[in-house]
Each structure stands twice: as C-alpha cells, then as structure tokens.
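Novice: Okay, here's the structure, questions in a sec.
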Amino acid sequence: MTDSSLGIVLSTRDYQENDALVKIFTLSHGKKMFLVRGVKKKNSALARHVQPGTVAMFNGKFNFPGLSYLNSVGEDFTPENTREDFEKYSYAIYFLELADKAIEDDEPDAELFHFLVGMLRKLDDGEFDPAALRFVYEMQLLKRLGVEVDFGQCAICGAKQNFKDRTQAVEFDFNFTQNVVGCAKHFDLPTLTPRAAYALGLLQRGKLVKLSAETKEAIRTFTREYYDAFVGIKLKSRDFLDNNI
Ligand SMILES: [Zn+2]
C-alpha cells in the first residue's frame, strides 16, 4: 500500500553512496524522515524534488515510528527564484530550520504547514521584503515554541494599542527583566523605540509592513535577544543571516 501526503522538504543530507535522508514536514503526519534511494544518481527523477523548500505530494511507505521510504513525488511548487538567489535561499533555510524545531515527529500541524507554505511562496515571489517576512514568521511562531508576547496591550495598565490609527498609537516598549510589553512610561530603561514596538505589533498580526533600515535593525536585535532569552533556540541559519545578509 502506498501512503501519500502533501509535504515540505525541511532538509536533505547524503546517506551512503547514492541515497539521501530527507526530512519532510508532511501535512498528514507532521515531521518524518524518509530514505530516498538512488537520488544521487545522475538520472534520478527524484533529485530535484528533495531540495529544501520544495512543496509536493510525496508518495511512499510511511512508518510510525521509524524511517519512511519515498518512492515518487507528484505535482509540486518548486521555489525556483529562491534557489537562484543567495539571500532568499538563506531566509528559506532559516524558515525551514525554525519550523523543524517547532514541530514533533508524527504530529500533524496543518496551521503551521499552510503558514510555512505561504511564507515560502511569498519569499519566492519577491513582492515583500524578506526581512519583514522573517519577523512575521518569528513572531507568529512564538506561541508554538511555548512563549507568548503581545505588542497589542500593556501588561501593566491594560492600555490597548491602536492599530487602526497610527497617530493615536500608545508608546509601547518591552521589558526583558519582567518579560512584558507595556507602556514605555512604566519602564526606566528603553529597549525599543515606540516605532519598532508598534511595527512588532503589526508584524505579530501578520501585517507585512514597510520598515525603515533603523526599525528593521531594532526589530532584528529584539527578536534575536527575545529568542535567546525565552525560546532558547540558536540556529546556525539565523547566525548566517545575521552575519551575511
Ligand atoms: Zn500601560
């Protein structure tokens, strides 16, 4: 019997002479490791489908638990632009690696699956700033990684951010000691500019806003420190992005 599922290739690594071990985030069963035989041979029909970021219908023998086997791949979305663009590819690898950390083997997560597919497509399209995509992704993944922060409300006095009218915005900030978002007036030392805190609230709500270089840098520094302090995931792909892009 053949099992099938839509999936996203998270990573691929060589295995023995001609084979590869391919980690796939399947829609039906979450994360699974597949052995793909003969994929490194010149005429392999599967080779192009097992590159990171490919979205496709994967067919084979799914085992629970243990190694699964991939036999064929159906119609897919291949992020062609991303493969040819060093910057986009670096972002894609980071998105995939972070998803890998956020999900467990054999536990489906349809919401994250579709969200990640959307991110990979947007990245490939090139319509949006990849940095804004990254921040949306990082902020929305926090809940799955077991932590939550809300730039929409002050945790101290309850004041709500006004996302409809920028001119009526409350000046928010984040306090690392207390791990809370609050009105800037409650804290002695500033972490973020009001502009960056406001943008974080919008990004957290999935809004791909235009960011100035200064705000981008402030948010990058904040998300990095936040992940380091509260999530505890340090990914090589993120260091690569921060050092090279
Ligand atoms: Zn307040």
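The values are calculated or read from the model by the stated rules, or taken from the named source; none is laboratory data. Keep in mind that what you see is a predicted model, and the values were worked out from it rather than measured. Note that we place each Cβ from the backbone using ideal geometry, even for glycine, and neighbour counts take in every protein chain shown.
Novice: Every residue in region 190-221 that is within 19 Å of the chain's Cα centre (by Cα), of a type in the set (Val, Ile, Thr) and surrounded by fewer than 19 Cβ atoms within 10 Å (Cβ to Cβ), please.
Specialist: Val209, Thr221
Novice: Looking only at region 19-50, which residues are modelled with pLDDT of 95 or more, touching a Lys or Arg at 6+ places or on another chain (Cβ under 8 Å) and surrounded by fewer than 21 Cβ atoms within 10 Å (Cβ to Cβ)?
Specialist: If the condition is that a residue be modelled with pLDDT of 95 or more, touching a Lys or Arg at 6+ places or on another chain (Cβ under 8 Å) and surrounded by fewer than 21 Cβ atoms within 10 Å (Cβ to Cβ), then Asp19, Leu21, Lys23, Met33 are the ones that fit.
Novice: Starting from residues that are surrounded by fewer than 14 Cβ atoms within 10 Å (Cβ to Cβ) and within 15 Å of the ligand (Cβ to nearest atom), keep the ones in region 179-189 and report whichever is modelled with the highest pLDDT.
Specialist: Out of the qualifying residues, it is Lys185.
Novice: As an exercise: evaluate Phe230 against (1) more than 19 Å from Lys143 (Cα to Cα); (2) in contact (Cβ under 8 Å) with a residue 40 or more places away in the chain and give the number of the one condition it does not meet.
Specialist: The single condition Phe230 does not satisfy is (1).
Novice: Which is within 16 Å of the ligand (Cβ to nearest atom), under 30 Å from Ser237 (Cα atoms) and touching a helix residue (DSSP H, G or I) at 6+ places or on another chain (Cβ under 9 Å), of Phe151, Phe135, Phe176?
Specialist: Matching residue, one of Phe151, Phe135, Phe176: Phe151.
Novice: Residues that are closer than 20 Å to Leu27 by Cβ and of a type in the set (Asp, Glu): list the helices (runs of 4 or more DSSP H) wholly contained in region 47-130 that include at least 2 such residues.
Specialist: Those helices (runs of 4 or more DSSP H) span 86-102, 110-125.
Novice: Any residue that is acidic (Asp, Glu), surrounded by fewer than 20 Cβ atoms within 10 Å (Cβ to Cβ), farther than 25 Å from Leu241 by Cα and touching a residue at least 40 places away in the same chain (Cβ under 8 Å) - is there at least one of those in region 2-10?
Specialist: Yes; the residues of region 2-10 include at least one that is acidic (Asp, Glu), surrounded by fewer than 20 Cβ atoms within 10 Å (Cβ to Cβ), farther than 25 Å from Leu241 by Cα and touching a residue at least 40 places away in the same chain (Cβ under 8 Å).
Novice: For region 157-178, which positions are surrounded by fewer than 16 Cβ atoms within 10 Å (Cβ to Cβ) and either touching a Pro at 6+ places or on another chain (Cβ under 6 Å) or free of Cβ contacts under 8 Å to residues at least 24 places away in the same chain (or both)?
Specialist: Matches in region 157-178: Gly158, Lys160, Asn162, Lys164, Asp165, Thr167, Gln168, Thr177, Gln178.
Novice: Of all residues in region 154-165, how many are more than 9 Å from the ligand (Cβ to nearest atom) and either over 19 Å from Val136 (Cα atoms) or outside the structural domain of Val136 (by TED's automatic domain parsing) (or both)?
Specialist: So the answer is 2.
Novice: OK, next. Give the residues of region 1-46 that are under 23 Å from Phe115 (Cα atoms) and in a loop (DSSP other than H, G, I, E, B), sorted by residue number.
Specialist: Result: Leu27, Ser28, His29.
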